[in-house]
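Report on one structure; see the data block that follows.
The values are calculated or read from the model by the stated rules, or taken from the named source; none is laboratory data. Just so it is clear, the structure is predicted and the values come from calculations on it, not from any experiment. FYI the Cβ positions are ideal-geometry reconstructions off the backbone, even for glycines, and counts take in every protein chain you see. Quick note on the areas: whole protein, heavy atoms, side chains included, nothing else; ligands and nucleic acids left out. Shrake-Rupley method; radii C 1.70, N 1.55, O 1.52, S 1.80 Å.
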Amino acid sequence: MNGADLWNRMFSFEDYGALLQLVQNSIIAGAVLGIVGGLIGVFILQRDMAFAVHGISELSFAGAAGALLLGVNVVAGSLVGSLAAALIIGLLGSRARDRNSIIGVLMPAGLGLGILFLALYPGRSGNQFGLLTGQIIAVDSPQLGLLIGISLLVLLVLLLVWRPLTFDSLDADVAAARGVPSRWLSLGFMVLLGLIVAVSVQIIGALLVMALLVTPAAAALRVSASPVLVPVLSMLFGFVSAVGGILLAIGGSLPISPYITTISFLIYLGCRVLGARRNRVRS
Amino acid sequence: MSPSADGGAGILTIRGAALALGGRTLWSGLDLVLRGGEFLAVLGANGTGKTSLLRAILGQQRLDAGGIELDGRAVRRGDRRIGYVPQQKLIQPGTPMRGRDLIGLGVNGHRFGPPITTRGERGRIDELVAAVGAERYADEPVGNLSGGEQQRLRVGQALAGDPRLLLCDEPLISLDLQHQRGVSGLLDARRRDHGTPVVFVTHDVNPVLGMVDRILYLAAGGYRIGTPDEVLRSEVLTGLYGTPVEVIRSGGRIIVAGLPQHTDHHPEHDG
């Protein structure tokens, strides 16, 4: 393959207008997930849960693959898997060390189960790898509506529990002394995490969910410590990664996820450089 | 003792309290009445139930016997009339929070709903920032502040609810001398100006010796309560521990020597 061919496979803007209309709903779903993922990412990092996100996504993958095999709704399967993982981690892993070992056990179990289900599945292989690496274009409209609905629900609940969750994330003992229902809040957060991971698995794939749930917040924390600016930037970064990735990808013939992960990663790199420069100027 | 805010009766009353954890009795028959403005230091080796006592007062630890009352009513979990200053845990750099936000958590951090801080709440946060002398770094990222600065902010956070009682769990640990004075001075000022009694758990009484009214000294299964002069005596601690213990006073400091090895005492206190 020569350079021009490669370029055309990666980026092509022929018939762009028509394509854009076809994927309009996917773009909306990507935009909403980018924003909500950016927001919840701030808490994921404050609560040291990045590894948990990965563990939940593998079980979510297993659930989705199981649903594919049984011929039932894949989003529902994905939700069952990720909520089960989220609750197990939430109930058994209140201490960080317990949590990490539980996740370490769950992750290969989920991934292995998922691979087994896919191997047994007689359908097209495109669908199969979509669950691992993203398949948003393959998701039909009613399901996209469901994904958008779930994301908006997570956004709303997150805003309502914002302050107590911030308090609990920083200092659970003091928050409990002040009447914050720590235990319920932690479990509730795991449920929100399970919901948003299930959505992410559908959109960018189980292996890549971190690009929308962790990277944007990590980038934002590099350039700011403001309690307002960090979530706002993180949401912006998530939005730009998701929507930008889809817009760049739809003309070419390659999967969308690498575009999203690459944009997300480049934003992070840029923020690191900016953050390092800012610190040098200050000190 | 300072102005009495309790009209003569105790603010905190502990009656016949007993607690056993893992089959081992930490304390039993514990009676204590804390009056307005009183400064109580809780001393004892690790594992004697100092922190468990605080948790019991916070309503987070059920007693095996007896009861604890605040203003005549049984304590309950999440009672915002109690201000709580935790052990100094350094907040990591990269935490998206400024100094004033840490205090703000004491003002409205427990409240569900849209995360909007009202003008009134902002005013209250400003007052608290001033009350703990944190104006200079209130707008800095809290993760960039020193342990002492963070601990001052935590005192501000604990004062946010205008507490009836202050509980402090080793609040001076790993602070330098100057910040130890600053933080304990804030607690002292609060109990003098507002009559808020202070329960101060510590392994080393020396930084607060000048403000302590009474000491609760916990040792394996037993306890003593009294003024520092009554409790910190060789014969009293020898009786409490059941082995010879010597209390040495030197240059305004108190050193306790000869504590049983297994009690795992902090070297500062061990002498």
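For A:G251, the residues whose amide H sits under 5 Å from its own are A:S12, ignoring neighbours fewer than 5 places away on the same chain, with H placed 1.01 Å from N.
Think of a 1.4 Å ball rolled over the protein heavy atoms: chain B then has 42 Å² of accessible area per residue.
Nearest 100 Å², what total accessible surface is buried between chain A and chain B (probe 1.4 Å)?
Heavy-atom accessible area buried at this interface is about 2600 Å².
Using the alpha-carbon positions of the stretch B:105-156, Rg (one decimal) and Dmax (whole number) come out as 11.6, 32 Å. Converting phi to 3J(HN,Hα) with the Karplus coefficients 6.51, -1.76 and 1.60 and the offset θ = phi - 60°, the stretch B:204-215 yields 9, 7, 4, x, 10, 4, x, 10, 6, 8, 9, 10 Hz in sequence order, with x at every glycine or proline. Remark: relative contact order (chain A) = 32 percent; criterion is Cα-Cα distance under 8 angstrom and separation of 6 or more residues.
Among the residues of A:154-163, the average count of other protein chain beta-carbon atoms within 10 Å of the residue beta-carbon is 3.
Between B:L177 and A:S253, the simple label model (points 7 Å from Cα in the Cβ direction) yields a spacing of 7.8 nm. For the stretch A:1-41 and the stretch A:148-214, what is the centre-to-centre distance using only Cα atoms, to the nearest Å? Cα centroid to Cα centroid, the span is 27 Å. Less than 5 angstrom separates the built amide H of B:Y84 from those of B:L167, all sequence-distant by 5 or more or on a different chain. Working note: Cα gyration tensor of the protein assembly as shown, eigenvalues times five, square-rooted, sorted largest first, giving semi-axes of 55, 25, 20 Å. Computed over the alpha-carbon pairs of the stretch B:10-109, the distance histogram in 10 Å steps reads 13, 39, 29, 16, 3 percent, short to long. Would you please state which residues of the stretch A:245-282 a label at A:L22 would reach in this model, taking the label point 7 Å out along Cα→Cβ and a backbone N cut-off of under 11 Å? Answer for the stretch A:245-282: A:250-253.
Applying Stokes-Einstein at 25 °C and 0.890 mPa s to the Kirkwood radius of the stretch A:21-207, computed over alpha-carbon pairs, gives a translational diffusion coefficient of 147 µm² s⁻¹. Within the protein assembly as shown, antiparallel bridges make up roughly 60 percent of the DSSP beta bridges whose residues both belong there. Working note: 222 nm ellipticity from helices only, DSSP H runs with n ≥ 4, each -39,500 (n - 2.57), summed and divided by the residues of the protein assembly as shown, gives -17500 deg cm²/dmol to the nearest 500.
Kirkwood hydrodynamic radius of chain B, from the reciprocal of the average inverse Cα-Cα distance over all distinct pairs: 19.4 Å.
Once the Cα atoms are used to define both axes, helix B:147-159 deviates from the longest principal axis of chain B by about 80 degrees. Taking the stretch B:54-213 on its own, what percent of its Cα-Cα pair distances exceed 23 Å? Every Cα pair in the stretch B:54-213 considered, those over 23 Å come to 39 percent. Candidate membrane-span-like segments in chain A, meaning DSSP H helices with Cα atoms spread over at least 15 Å of their own axis and a Kyte-Doolittle mean of 1.0 or above, are A:24-46, A:50-70, A:74-92, A:96-120, A:141-160, A:182-204, A:229-249, with no membrane implied. Ranked by the mean number of other Cβ atoms within 10 Å per residue, highest first, peptides A:221-233, B:133-145, A:90-102 order as A:221-233, B:133-145, A:90-102.
Considering only protein heavy atoms and a 1.4 Å probe, what is the carbon-and-sulfur percentage of the accessible area of the stretch A:21-207?
Taking all protein chains in place, the stretch A:21-207 shows 69 percent carbon and sulfur surface.
Taken over the Cα atoms of the stretch A:33-104, the convex hull encloses 81 Å³ per residue. Taking amide H positions as modeled 1.01 Å from N, with prolines and chain starts lacking one, the residues under 5 Å from B:I11 and 5 or more places away or on another chain are B:L34, B:R35, B:G36.
When you count the other C-beta atoms within 10 angstrom of each residue and take the mean per peptide, B:21-34, A:193-206 line up highest first as A:193-206, B:21-34.
If a paramagnetic tag sat 7 Å from the Cα of A:L120 along the Cα-Cβ line, which residues of the stretch A:61-78 would have the backbone N under 17 Å from that point? From the stretch A:61-78, the list is A:61-74, A:77-78. Rolling a 1.4 angstrom probe over the protein heavy atoms with all chains in place gives the stretch A:21-207 an accessible area of 38 Å² per residue. Legend: mean number of C-beta atoms from other chains within 10 angstrom of residue C-beta atoms, peptide A:232-241, equals 0. Inter-chain neighbour count for A:221-227: the average number of beta-carbon atoms from partner chains within 10 Å of each residue's beta-carbon is 5. How far is helix B:119-131 tilted off the main Cα axis of chain B, in degrees rounded to 10, range 0 to 90? In chain B, helix B:119-131 runs at an angle near 50 degrees to the longest axis.
When restricted to Cα atoms, the stretch B:139-271 yields an Rg and a Dmax of 16.4, 52 Å, respectively. Just so you know, the Rg over Rh for the stretch A:125-283 is 1.03, from Cα atoms, with Rh as the Kirkwood radius.
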